[in-house]
Amino acid sequence: MTAKLAGFGTTIFAEMSALAVKTGAINLGQGFPDTDGPIEVLDAAVAAIRDGFNQYPPGPGMPVLRQAIVEHQRRFYGLDYDVETEVLVTAGATEALAGALLGMLDEGDEVVLFEPMYDSYQACIALAGGVLKPVVLRPDPEAGGRYGFDRDEFRAAVTGRTKLILLNTPHNPTGKVFNRDELDLIAAVAQEHDVLVVTDEVYEHLVFSGAEHVPMAGLPGMAERTLTISSGGKTFNTTGWKIGWMCGPASMVTAAKTAKQFLTYVNGAPFQPATAVGLQLPDAFFSRLAADLEHKRDRLYAGLVAAGFTAYRPEATYFTTVDIRPVQADGDGIAFCRSLPERVGVVAIPNQVFYANQEHGRHLVRFACCKRLDVIDAAVERLADLAS
Ligand code: PMP
Ligand code: GLN
């Protein structure tokens, strides 16, 4: 194996979902819903298969999907993209991220990002020969446990060696939604140092009351330096379809496309028009999606608090992070997650794997709420046994 991948092993998601299958535990680890999404979207995929959309789609993605992505960005955020040169369909957001990082980074280029971070960031930056410059997100007791960062630490991380700022909002695993004030700072620093921004917004529609998703590309002076990445998996409960996309200036999309074409070339022909149907659903679909998930978030959060954890209430996403130390004094999140299925029949994810400096996340564990309410209730009931 290449030295670039030393230490990456098997992803935590594969390990923990395999453990859930082996033990029959309730899987609140890997973030995937246990119910299907809108029937219109599922029917469109079936129809597309029957209608013969079963061969390679065009390199940039099927026009019907690219058009739907452009309309979605305009409808929700007032952002305008050219359907021919500024949009690219990818194999999930994962491939969009890989394409962007491999297509834009040179050996030694620095990438400033916030940790904890989604696990593929670190691996793709390593493959691209880039250097990671993490800025730590920490729960702020004065803000009710909302995750924040030190502004000076962020400013100091961006230097003449920085090529990219890689942002994820709404954020996995913390559930943080970067607010306008925080985004303004990031945008100002990006412009001051003339660096590009890649922003991962896969949870854009899973935002709860009190928070608002603001896309970085909409801030003054940012559209020309921001590549926005998203995917249909979380919005349409189709995580297995792996239909993702990016929108941004033609130069950034072209760089990412040049790498992406040699990864998968293309994927998911029948799922592309089906995802286009989803993106065109009325506003009510998107608000109901967030409201339903908020209800599940509340149920899981209350259960985690009742089980004795210190829980950080997420503003968005599938995930709630807890500090396990009130329940397990040694604070070893990895050992806790490996033993949890056996102890009480629940699977969770240790946040440690999302940190470059793993010590920062040793005591933190993530639970997903994208499950039926009866499943969440059953998991919560089992977790209550930890206290006894
Ligand atoms: N980014 C973040 C922050 C994620 O949580 C995920 C996981 N779904 C992805 C990217 C990958 O998305 P996809 O499944 O579309 O590749
Ligand atoms: N994004 C999901 C999570 O964080 C799934 C990731 C994966 O399976 N690679 O749980």
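So is Ser251 within 16 Å of ligand 2 (Cβ to nearest atom), at negative phi and either without any contact (Cβ under 8 Å) to a residue 60 or more places away in the chain or within 20 Å of the chain's Cα centre (by Cα) (or both) or not? Even if it seems obvious, please write down each step before you answer.
Details: within 16 Å of ligand 2 (Cβ to nearest atom): no; at negative phi: yes; either without any contact (Cβ under 8 Å) to a residue 60 or more places away in the chain or within 20 Å of the chain's Cα centre (by Cα) (or both): yes.
For Ser251, the condition - within 16 Å of ligand 2 (Cβ to nearest atom), at negative phi and either without any contact (Cβ under 8 Å) to a residue 60 or more places away in the chain or within 20 Å of the chain's Cα centre (by Cα) (or both) - is not met.
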Open item on the list: For a quick check of your reading of the model, give me the residue pairs whose first member lies in the stretch 28-44 and is part of a helix (DSSP H, G or I), whose second is among the aromatic types (Phe, Trp, Tyr) and within 16 Å of ligand 2 (Cβ to nearest atom), with beta-carbon atoms closer than 8 Å and at least 6 apart or on different chains.
Closed with: Val41/Phe236
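Residues in the stretch 205-218 that are free of Cβ contacts under 8 Å to residues at least 60 places away in the same chain and either of a type in the set (Asp, Glu) or assigned to a helix (DSSP H, G or I) (or both): how many?
First pass over the stretch 205-218, keeping only residues free of Cβ contacts under 8 Å to residues at least 60 places away in the same chain: 212, 214, 216.
Right, trim to either of a type in the set (Asp, Glu) or assigned to a helix (DSSP H, G or I) (or both) and you get 212, 216.
Of the residues in the stretch 205-218, 2 are free of Cβ contacts under 8 Å to residues at least 60 places away in the same chain and either of a type in the set (Asp, Glu) or assigned to a helix (DSSP H, G or I) (or both).
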TODO: Would you please list the contacts, defined by Cβ atoms under 8 Å and residues six or more apart or on different chains, that run from a residue in the stretch 231-243 that is within 10 Å of ligand 2 (Cβ to nearest atom) to a residue that is basic (Lys, Arg)?
DONE: Ser231/Lys242; Gly233/Lys242
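Within the stretch 6-23, does at least one residue satisfy the condition of being assigned to a loop (DSSP other than H, G, I, E, B), of a type in the set (Phe, Trp, Tyr) and away from ligand 2 (no atom under 16 Å from the Cβ)? Walk me through it before giving the result.
Start the filter on the stretch 6-23 by keeping residues that are assigned to a loop (DSSP other than H, G, I, E, B), which leaves 6-11.
Of the ones still in play, those that are also of a type in the set (Phe, Trp, Tyr) are 8.
Checking the rest, the ones that are also away from ligand 2 (no atom under 16 Å from the Cβ) come to none.
Scanning the stretch 6-23, I find no residue that is assigned to a loop (DSSP other than H, G, I, E, B), of a type in the set (Phe, Trp, Tyr) and away from ligand 2 (no atom under 16 Å from the Cβ), so the answer is no.
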Open item on the list: If the requirement is being away from ligand 1 (no atom under 16 Å from the Cβ), assigned to a strand (DSSP E or B) and crowded, with 19+ Cβ neighbours inside 10 Å, which of these qualifies: Val112, Val89?
Closed with: Val112
Task: Pairs where the first residue, in the stretch 278-290, is in contact (Cβ under 8 Å) with a residue 24 or more places away in the chain and the second is aromatic (Phe, Trp, Tyr) and buried (at least 18 other Cβ atoms within 10 Å of the Cβ), C-beta under 6 Å, 6+ apart - done: Gly278/Phe236
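From Asp109, Asp150, Asp119, which residue is among the acidic types (Asp, Glu) and within 20 Å of the chain's Cα centre (by Cα)? Even if it seems obvious, please write down each step before you answer.
Values: Asp109 fails: within 20 Å of the chain's Cα centre (by Cα); Asp150 fails: within 20 Å of the chain's Cα centre (by Cα).
Answer to the check: Asp119.
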- [ ] Scan the stretch 122-155 residue by residue and report those that are of a type in the set (A, V, I, L, M) and farther than 16 Å from Ala356 by Cβ.
- [x] Ala143
Open item on the list: I'd like the full set of residues that are under 20 Å from Thr310 (Cβ atoms) and either surrounded by fewer than 16 Cβ atoms within 10 Å (Cβ to Cβ) or free of Cβ contacts under 8 Å to residues at least 40 places away in the same chain (or both), limited to the stretch 334-380.
Closed with: Ile334, Ala335, Phe336, Ser339, Arg343, Gln352, Gln358, Glu359, Arg362
Task: Residue among Thr317, Thr310, Thr321 that alone is surrounded by fewer than 20 Cβ atoms within 10 Å (Cβ to Cβ) and polar (S, T, N, Q) - done: Thr310
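Name the single residue that is farthest from Met1 (Cα to Cα) among those in the stretch 119-159 being in a loop (DSSP other than H, G, I, E, B) and modelled with pLDDT of 95 or more. Spell out how you get there, then give the answer.
Residues of the stretch 119-159 in a loop (DSSP other than H, G, I, E, B): 128-130, 137, 144-145, 149-150, 158-159.
Subset that is modelled with pLDDT of 95 or more: 128-130, 137, 149-150, 158-159.
Values: Ala128: 15, Gly129: 15, Gly130: 18, Leu137: 32, Phe149: 36, Asp150: 37, Val158: 32, Thr159: 32 Å.
It comes out as Asp150.
In the set Ile39, Ile26, Ile49, Ile69, which member is surrounded by 20 or more Cβ atoms within 10 Å (Cβ to Cβ), within 20 Å of Gly244 (Cα to Cα) and either at pLDDT 95 or above or more than 16 Å from ligand 1 (Cβ to nearest atom) (or both)?
Details: Ile39 fails: surrounded by 20 or more Cβ atoms within 10 Å (Cβ to Cβ); Ile26 fails: within 20 Å of Gly244 (Cα to Cα); Ile49 fails: surrounded by 20 or more Cβ atoms within 10 Å (Cβ to Cβ).
Among Ile39, Ile26, Ile49, Ile69, only Ile69 is surrounded by 20 or more Cβ atoms within 10 Å (Cβ to Cβ), within 20 Å of Gly244 (Cα to Cα) and either at pLDDT 95 or above or more than 16 Å from ligand 1 (Cβ to nearest atom) (or both).
Matching residues to (1) within 16 Å of ligand 2 (Cβ to nearest atom); (2) closer than 23 Å to Ala250 by Cβ; (3) buried (at least 22 other Cβ atoms within 10 Å of the Cβ); (4) not charged (D, E, K, R):
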position: Thr174; (1), (2), (3), (4): yes, no, yes, yes
position: Glu182; (1), (2), (3), (4): no, no, no, no
position: Val195; (1), (2), (3), (4): no, yes, no, yes
position: Asp200; (1), (2), (3), (4): yes, yes, yes, no
position: Ala211; (1), (2), (3), (4): no, no, no, yes
position: Gly221; (1), (2), (3), (4): no, yes, no, yes
position: Leu227; (1), (2), (3), (4): no, yes, yes, yes
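Tell me which residues, restricted to the stretch 160-194, are in contact (Cβ under 8 Å) with a residue 40 or more places away in the chain and assigned to a loop (DSSP other than H, G, I, E, B). Talk me through it step by step, then tell me what you get.
Of all residues in the stretch 160-194, those in contact (Cβ under 8 Å) with a residue 40 or more places away in the chain come to 161-177.
Matches in the stretch 160-194: Arg161, Thr169, Pro170, His171, Asn172, Pro173, Thr174, Gly175, Lys176, Val177.
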- [ ] Kindly indicate whether any position in the stretch 234-256 is out of contact with any His (no Cβ under 7 Å at 6 or more places or on another chain), away from ligand 1 (no atom under 15 Å from the Cβ) and of a type in the set (Lys, Arg).
- [x] no
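The values are calculated or read from the model by the stated rules, or taken from the named source; none is laboratory data. Keep in mind that this is a model prediction, so the values were computed, not measured. Using ideal geometry, Cβ is built from the backbone for each residue, glycine included, and neighbour counts are taken over all protein chains shown.
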